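**Q** Let me give you the structure first, and then I'll get to my questions.
The values are calculated or read from the model by the stated rules, or taken from the named source; none is laboratory data. The structure presented is a predicted model; accordingly, all values stated were derived computationally and were not measured. A quick note on method: Cβ atoms are made from the backbone with ideal geometry, for glycine too, and the neighbour counts reach across all protein chains shown. Heads up: the accessible areas ignore ligands, DNA and RNA and are worked out on the full protein's heavy atoms, side chains in. Shrake-Rupley method; radii C 1.70, N 1.55, O 1.52, S 1.80 Å.
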Amino acid sequence: MIFGKKEKKEPAPKSQAPKAPVSEPIAKEETKKEERPVANKITVGHVHMSGCTGCLVSLADTYEGLFTILDNYADLVYCLTLADARHIPKMDVALVEGSVCLQDELSVEEIKETREKAAVVVALGGCAAYGNITRFCRGGQWNQPQHEGFVPIGDVIDVDVYIPGCAPCPQQIRNVCVMAYLLLKGNAEQQALAKAYLTPLMTLASEGSKAVSSEACGCDIMTKVINQGLCIGCGTCSASCPVYAITMQYGKPNIERDMCIKCGACYAACPRAFFSFDVVNQYETIIDAINGAMNPGGN
Amino acid sequence: MDYLGKYKTAVAARSTSAEVLRCSQDGGIVTSMFLYALEEGIIDGAIVAGQGENPWQPKPIVATSAEEILSARGTRYNICPNMSVLKKSVRQYGLDKVGIVGTPCQMQALRKAQLYPVGLRDVTDKIALAIGIFCMENFSYQSMKQIVEDHCNVDLHSLNKTDIGKGKYWAYTNRGAVSQIPLKLTHKYEQPGCHVCLDYVANLADISTGSVGSPDGWSTVFIRNNNGENIWNKAVAAGVFETKPIESVKPGLELVTKLATEKITKNQKELEHRAKFGVNKGLRNPYI
């Protein structure tokens, strides 16, 4: 189903009723599909800039969760790896993976086109949001040695939402997908909740896009949290670091800067980076809503 | 402002295990709860404050046996970054059902991590039991050392127990001497981040507990959500705790509310102060 629209119907029954005869479930699936308010789905695209495809793998890493999202909430209208579309179409949400290579004309063109075609642009993962590992590139690589300037997409276009991390966490992507759906298609109450949920990630994006150089690293934990007298020594930054660059020493994070890949996970995870009582006090409601959305049959 | 957070019931309770109570801070609630949950398979292990490198320095450990849980009894009054081993508890220890104890801020961190699991792939759905402890403020290890060794004149190696209560900081030595200083003297050593904290009784935990409100040797317990209620009721039915209605004990919830109000009001003022800290410049406010 994820391989473009034509093949959409085939794998779905497999996952739902693998033992049943082939003809029946297909028929069932078709009637179901007609009943579904497909018009209510949002359209999502995955735009691949200079990244390693790890973010896309994370998107698919919710296993059946991805099927649920594509069945009920979103149509994948553009994704070079998984969908049969060659040109960036109009879409509600663009998930952009990777940073922009300034020497690659096509990349620059495509990221600008993405901004024109997408209502919401999400920087998916550390590279798109903060440059991440591509911040260390100095060019000289076979077979395009002149490709040496890589910038986060926020340096070229305005970005609406950041999902930091390397790779971004599948559950975080799932939560953003569900919330984006509620924001665009939900009732007033759901929209308010989704807006409150997404606000911090939108703030990260607007801060990142505004900055001359939207870099993130363990330094943010130092400058924006500890230097500001806000650290509580909880250790969440340390647990969130994908490269184990942060250890807790005498109750405070100790950051190995040479190991840091600048993915932005530690700062985004820190409860003293942003914390909304409006959102977190409703943690049970939100977790239930997301579980409910991901399990529409209720099993 | 909701000073005590959402809760279903509040009781005074203490463990029925003499072994737990022998070294527990108050009613032995956290230790007994985790021991029971581990035995019943509600959790596979728990993140607790084990012994660090230096005397009285805690270190977060992933306890998977009763011995390890028992080793973590008692309050250390300095920072133990329990959240830091959350990923490790799932990835390296392979736990599917994680128990975790923490201060109110650590419970905030935990719930934020469940909603925004940045960098915690497949981890946050494995939290099975989150126990919060009441917390007015915390100290760095060096601050605690300063208070005990410099102010109380007790060597950390001979310290048997510390406690905060009745407006004083208490240090009990192994040989039975007691040293106490006015709590006021300790304020300047507090962790700065604690001064903007707006939670006293771990509002976001499944179950939260602390000494305040209940008689000596007992703890006040808030059962906050369905998960907490479910596990608590089973534990009480199994005879793990003896309980009294909170209304029947002195000083009761009145004191808890008073202290919570004091803490939160003071820290809200601190946030206002921070907003106008410099000349037309403020410090960052984490709450949005």
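**Q** Any residue in the range A:155-174 that's more than 8 Å from chain B (Cβ to nearest Cβ) and open to solvent by 50 Å² or more (accessible area, probe 1.4 Å): show its pairings with residues that are of a type in the set (S, T, N, Q) and outside any helix (DSSP H, G or I) at Cβ separation under 9 Å, as long as the two are six or more apart or on different chains.
**A** Pairs that qualify, where the first residue is more than 8 Å from chain B (Cβ to nearest Cβ) and open to solvent by 50 Å² or more (accessible area, probe 1.4 Å) and the partner is of a type in the set (S, T, N, Q) and outside any helix (DSSP H, G or I), are A:Asp155/A:Ser99; A:Asp155/A:Ser213; A:Asp155/A:Ser214; A:Arg174/A:Thr62.
**Q** Any residue in the range B:262-274 that's over 15 Å from B:Cys135 (Cα atoms): show its pairings with residues that are assigned to a helix (DSSP H, G or I) at Cβ separation under 8 Å, as long as the two are six or more apart or on different chains.
**A** Pairs that qualify, where the first residue is over 15 Å from B:Cys135 (Cα atoms) and the partner is assigned to a helix (DSSP H, G or I), are B:Glu270/B:His195; B:Glu270/B:Val196; B:Leu271/B:Val196; B:Arg274/B:Val196.
**Q** Within the range B:42-51, track down each residue that is part of a strand (DSSP E or B) and open to solvent by less than 40 Å² (accessible area, probe 1.4 Å).
**A** B:Gly45, B:Ala46, B:Ile47, B:Val48, B:Ala49, B:Gly50 - these are the residues of the range B:42-51 that are part of a strand (DSSP E or B) and open to solvent by less than 40 Å² (accessible area, probe 1.4 Å).
**Q** For the range B:183-194, enumerate the residues that are over 15 Å from A:Cys234 (Cα atoms) and open to solvent by 50 Å² or more (accessible area, probe 1.4 Å).
**A** Hits for the range B:183-194 are B:Lys184, B:Leu185, B:His187, B:Lys188.
**Q** Do any residues in the range B:216-245 that are over 17 Å from B:Ala130 (Cβ atoms) have Cβ atoms under 8 Å from those of residues that are among the aromatic types (Phe, Trp, Tyr) and open to solvent by 10 Å² or more (accessible area, probe 1.4 Å), where the two are at least six apart or on different chains, and which pairs are they?
**A** These pairs meet every condition: B:Thr220/B:Phe134; B:Ala238/B:Tyr36; B:Val240/B:Tyr36; B:Lys244/B:Trp218.
**Q** For the range B:24-41, does any single residue satisfy the condition of being of a type in the set (S, T, N, Q), open to solvent by 10 Å² or more (accessible area, probe 1.4 Å) and not in a helix (DSSP H, G or I)?
**A** Within the range B:24-41, one or more residues are of a type in the set (S, T, N, Q), open to solvent by 10 Å² or more (accessible area, probe 1.4 Å) and not in a helix (DSSP H, G or I).
**Q** Name the residues in the range B:17-36 that are touching a Gly at 6+ places or on another chain (Cβ under 6 Å) and closer than 15 Å to B:Trp232 by Cβ, would you?
**A** The one that is touching a Gly at 6+ places or on another chain (Cβ under 6 Å) and closer than 15 Å to B:Trp232 by Cβ: B:Phe34.
**Q** Does any residue in the range A:270-283 that is more than 7 Å from chain B (Cβ to nearest Cβ) come within less than 9 Å, Cβ to Cβ, of a residue that is open to solvent by 10 Å² or more (accessible area, probe 1.4 Å) and acidic (Asp, Glu) six or more places away or on a different chain, and which pairs are these?
**A** Listed by first residue and then by second, the contacts come to A:Cys270/A:Asp220; A:Asn281/B:Asp2.
**Q** Can you tell me which condition B:Asn280 does not meet? The list is (1) within 14 Å of chain A (Cβ to nearest Cβ); (2) closer than 30 Å to B:Gln191 by Cα; (3) loosely packed, with under 14 Cβ neighbours inside 10 Å, and all the others hold.
**A** That leaves (1) as the condition not met.
**Q** Just name the residue that is farthest from the other protein chains (Cβ to nearest Cβ) out of those in the range A:214-237 that are among the hydroxyl-bearing types (Ser, Thr, Tyr) and in contact (Cβ under 8 Å) with a residue 24 or more places away in the chain.
**A** Here the residue is A:Ser214.
**Q** What number of residues within the range B:96-125 are in contact (Cβ under 8 Å) with a residue 40 or more places away in the chain and under 22 Å from the mean Cα position of the chain (by Cα)?
**A** So the count comes out to 13.
**Q** For the range A:67-95, name all the residues that are under 14 Å from A:Tyr181 (Cα atoms) and not in a strand (DSSP E or B).
**A** Answer for the range A:67-95, where residues must be under 14 Å from A:Tyr181 (Cα atoms) and not in a strand (DSSP E or B): A:Thr68, A:Ile69, A:Leu70, A:Asp71, A:Asn72, A:Tyr73.
**Q** On the given criteria, is B:Gly228 in a loop (DSSP other than H, G, I, E, B) and under 23 Å from B:Gly28 (Cβ atoms)?
**A** No; evaluated as a whole, the condition is false for this residue.
**Q** Moving on. Give the number of residues within the range A:48-59 that are surrounded by 18 or more Cβ atoms within 10 Å (Cβ to Cβ), of a type outside the set (Ser, Thr, Tyr) and in a helix (DSSP H, G or I).
**A** Matching residues across the range A:48-59 total 3.
**Q** Return the residues of the range B:137-169 that are of a type in the set (Ser, Thr, Tyr), over 15 Å from the mean Cα position of the chain (by Cα) and open to solvent by less than 10 Å² (accessible area, probe 1.4 Å); say none if nothing qualifies.
**A** Residue satisfying the conditions is B:Tyr169 alone.
**Q** Among the residues of the range A:205-213, are any in contact (Cβ under 8 Å) with a residue 40 or more places away in the chain and within 15 Å of A:Ala265 (Cα to Cα)?
**A** So far as the range A:205-213 goes, yes, one or more of its residues are in contact (Cβ under 8 Å) with a residue 40 or more places away in the chain and within 15 Å of A:Ala265 (Cα to Cα).
**Q** Mind counting the residues in the range A:257-269 that are more than 11 Å from every other protein chain (Cβ to nearest Cβ) and either in contact (Cβ under 8 Å) with a residue 24 or more places away in the chain or part of a helix (DSSP H, G or I) (or both)?
**A** 4
**Q** Can you tell me which residue among B:Glu229, B:Glu254 is modelled with pLDDT of 95 or more, open to solvent by 40 Å² or more (accessible area, probe 1.4 Å) and in contact with a strand residue (DSSP E or B) (Cβ under 9 Å, 6 or more places away or on another chain)?
**A** B:Glu229
**Q** If you go through the range A:232-251 one residue at a time, how many are crowded, with 23+ Cβ neighbours inside 10 Å and over 12 Å from A:Ala268 (Cβ atoms)?
**A** 9
**Q** Taking the range B:164-200 as the region of interest, how many residues are more than 14 Å from every other protein chain (Cβ to nearest Cβ), among the hydrophobic types (A, V, I, L, M, F, W, C) and in a loop (DSSP other than H, G, I, E, B)?
**A** Final tally of qualifying residues: 1.
**Q** Return the residue satisfying two criteria in turn: it lies in the range B:170-179 and is crowded, with 16+ Cβ neighbours inside 10 Å and touching a residue at least 12 places away in the same chain (Cβ under 8 Å), and of such residues it is nearest to the chain's Cα centre (by Cα).
**A** Taking the candidates together, the pick is B:Ala171.
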